[in-house]
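> I'd like to ask you about the structure that follows.
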Amino acid sequence: MVVRTGCRRSAAAGATPGEAGGTVYRIDLAAEPVDGRANDELARFLAAEFGTVRDAVEIRSGRSSRRKLVRIGDPPARPPWFTG
């Protein structure tokens with residue numbers, strides 16, 4: 001996942017083929033990358049999109065990077081933009 005911060009609103013912004021046959025999703029975030037605000041906004045956005053609670057979203061790597069590996073525990077829904 002690649003995030004872009006400081007956008008007008010938080011939204012899924014596209015997907016591109018990634019390494020090893022995976023997909024890299026681009027997410028625009030309204031929050032700035034200060035004091036973990038962007039990571040909190042990412043978790044909040046993904047929880048809402050996948051219909052789960054905020055605590056089910058785990059940033060496994062990339063907490064201080066634009067590229068992140070995220071795990072969403074047992075999501076009850078999948079948004080239309082998610083093809084994985």
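Every number here is computed from the coordinates shown, using simple stated rules; none is lab data. All figures in this text were calculated on a predicted structure; none of them were measured in a lab. Cβ coordinates were reconstructed from backbone atoms using ideal geometry, including for glycine residues, and neighbour counts include every protein chain displayed.
> Could you work out the longest stretch of the chain that avoids the trypsin sites (Lys or Arg not before Pro) located in DSSP loops with at most 16 other Cβ atoms within 10 Å?
On the way: sites that count: R8, R9, R63, R66.
Longest site-free region, per DSSP loop and neighbour criteria: 10-62.
> Along Cα→Cβ, 7 Å out, is where each label goes; now give me the distance between the ones at R9 and R60 in nm to one decimal.
The two pseudo-label positions are separated by 3.1 nm.
> At a temperature of 25 °C and a viscosity of 0.890 mPa s, determine how fast the chain diffuses translationally according to Stokes-Einstein, using the Kirkwood radius over alpha-carbon pairs as Rh; express D in µm²/s, rounded to the nearest whole number.
Rounded to a whole number, D works out at 191 µm²/s.
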